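The values are calculated or read from the model by the stated rules, or taken from the named source; none is laboratory data. Nothing here was measured: the structure is a model prediction, and the numbers come from that model. Neighbour counts run over all protein chains shown; Cβ positions are idealised from the backbone, glycine included. Note: accessible area is taken over every heavy atom of the protein model, side chains too, but ligands, DNA and RNA are not part of it. Shrake-Rupley method; radii C 1.70, N 1.55, O 1.52, S 1.80 Å.
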Amino acid sequence: MRCRRCRAPSVIELRRHNAAFCRPCFLIHCRDQVARTIEEHHMVEPGERVLVAVSGGKDSLALWDILLDLGYPADGLYLGLGIGDYSDESGRYARDYASSRGARLVEVDLPTDVGFDIPGGAAAARRVPCSACGLSKRHLFNRAAVEGGYPVVATGHNLDDEAAVLLGNVLRWSTDYLGRQTPVLPGGDGFARKIKPLIRLGERETAAYCVLTGIDYVVEECPMAVGNKHLGYKAALNAIEDASPGSKAAFYLGFLQRGLAHFAPEAAADRQSLSPCASCGSPTTGDVCAFCRLTEAATRPPQGAKPAPRRRTAPPR
Ligand code: AMP
Ligand code: FES
Ligand code: ZN
């Protein structure tokens with residue numbers, strides 16, 4: 001097949017776009033999709049510094065690369081989760097990429113800076129690892145942004161991720177989550193703005209972007225995610241997409257255009273009821289935020305043991 005833009009031999013076919021692209025035109029296509037998303041959703045104001053949450057995986061490394069190429073002042077943030085070899089390896093890919101581009105990578109390490117790792121902390125707090133992990137990420141991404149003076153945090157959630165989350169939310173009619181499933185969560189009052197500039201690219205596209213630009217990324221999935229419901233939703237959506245290309249984008253982008261507004265007032269009302277956490281000052285609906293409660297449970301010494309010296313949470317390096 002020939003490239004849709006320049007008629008050269010193509011290297012990738014995108015059935016959803018009913019198109020094929022050669023290498024240079026595919027990279028332009030990826031940048032255009034991100035630039036269009038940022039513009040359409042007013043994600044970044046001129047001059048704003050962006051903190052890109054970089055996991056060492058294909059999506060967030062591709063995102064960081066594209067933002068730098070588009071000229072955004074974008075630094076990376078790597079959060080060490082203490083998930084054995086997986087975390088060691090992920091951190092290495094994030095650091096290697098940063099040094100290859102001469103870009104700044106902020107690092108926060110959950111075990112050394114906060115005092116627990118995801119497997120141990122989740123067990124101590126009797127939480128599912130992915131839930132303890134998601135909560136920690138949200139809290140620590142925001143804290144690193146606020147402390148570092150970044151008004152915006154960008155994550156590498158892609159079209160496949162967002163469509164799978166949407167399917168899960170619709171299956172349960174979780175109206176509060178549906179109201180918050182926007183590609184931009186506004187900032188203010190202790191919150192940095194959260195943006196997802198990759199919602200128009202699927203994971204096949206971000207993987208191809210990395211391969212074609214020579215970006216090395218961690219290929220293994222997180223070992224704690226095995227059996228995770230979202231993997232099942234992704235598989236179901238992939239089967240639908242195979243039979244009917246474009247369904248995933250129609251489902252998720254259609255929701256943004258025609259569904260989200262119905263649920264947004266509920267999410268806005270939730271944000272109104274926030275006050276500072278008594279322990280860390282982050283915005284929360286209760287007295288003490290969920291992350292401080294998790295930290296308390298995860299670092300509490302076992303009954304009968306001598307209390308460990310209390311660690312202070314260090315600011316991101
Ligand atoms: P996940 O929640 O693993 O699907 O990751 C979604 C997005 O969160 C990634 O694309 C990254 O932007 C960000 N992210 C996940 N894990 C980390 C991490 N350990 N450090 C920094 N950012 C992360
Ligand atoms: Fe969070 Fe796996 S990356 S539990
Ligand atoms: Zn707190």
Exception for S131 within (1) more than 16 Å from ligand 2 (Cβ to nearest atom); (2) free of Cβ contacts under 8 Å to residues at least 60 places away in the same chain falls at (1)
Could you count how many residues in region 142-176 are within 16 Å of ligand 2 (Cβ to nearest atom), buried (at least 22 other Cβ atoms within 10 Å of the Cβ) and within 26 Å of G190 (Cβ to Cβ)? 2
Wholly inside region 3-64, strands (runs of 3 or more DSSP E) that include 3 or more residues that are open to solvent by less than 80 Å² (accessible area, probe 1.4 Å) are 19-21, 50-53
Please enumerate the residues belonging to region 120-132 that are over 17 Å from the mean Cα position of the chain (by Cα) and open to solvent by 50 Å² or more (accessible area, probe 1.4 Å). A123, A124, R126, R127, V128
A298: in contact with a Gly (Cβ under 6 Å, 6 or more places away or on another chain) and either more than 16 Å from ligand 1 (Cβ to nearest atom) or touching a residue at least 60 places away in the same chain (Cβ under 8 Å) (or both), yes or no? yes
Determine whether R193 is farther than 19 Å from C30 by Cβ and in contact with a strand residue (DSSP E or B) (Cβ under 6 Å, 6 or more places away or on another chain). yes
I need the full set of residues from region 172-214 which are touching a helix residue (DSSP H, G or I) at 6+ places or on another chain (Cβ under 6 Å), among the hydroxyl-bearing types (S, T, Y) and over 20 Å from H41 (Cβ atoms), in order please. T175, Y209
Residues within region 225-273 that are without any contact (Cβ under 8 Å) to a residue 40 or more places away in the chain and of a type in the set (D, E), tallied: 1
Residue that is farthest from A154 (Cα to Cα), among those in region 46-99 that are of a type in the set (F, W, Y) and within 16 Å of ligand 2 (Cβ to nearest atom): Y86
Taking region 263-297 and keeping only residues that are away from ligand 3 (no atom under 16 Å from the Cβ) and touching a helix residue (DSSP H, G or I) at 6+ places or on another chain (Cβ under 8 Å), one is left with F263, A264, P265, E266, A267, A268, D270
Which of the strands (runs of 3 or more DSSP E) found entirely inside region 74-169 contain at least 2 residues meeting this: among the charged types (D, E, K, R)? 105-109
Give region 56-72 a look and list any residue that's of a type in the set (G, A, S) and more than 11 Å from C30 (Cβ to Cβ), or say none. G56, G57, S60, G71
Scan of region 97-116 for residues that are over 9 Å from G76 (Cβ atoms) and away from ligand 1 (no atom under 12 Å from the Cβ), ordered by number: S99, S100, R101, G102, P111, T112, D113, V114, G115, F116
Just to be sure I understand the filter: pairs with C-beta atoms under 8 Å, separated by 6 or more residues or on different chains, first member in region 183-203 and in contact (Cβ under 8 Å) with a residue 40 or more places away in the chain and more than 16 Å from N158 (Cα to Cα), second member assigned to a strand (DSSP E or B) and aliphatic (A, V, I, L, M). Which pairs pass? F191/L185; A192/L51; A192/V152; A192/V153; R193/V152; R193/V153; R193/V184; R193/L185
Among the residues that make up region 193-208, is at least one of them buried (at least 21 other Cβ atoms within 10 Å of the Cβ) and of a type in the set (S, T, N, Q)? yes
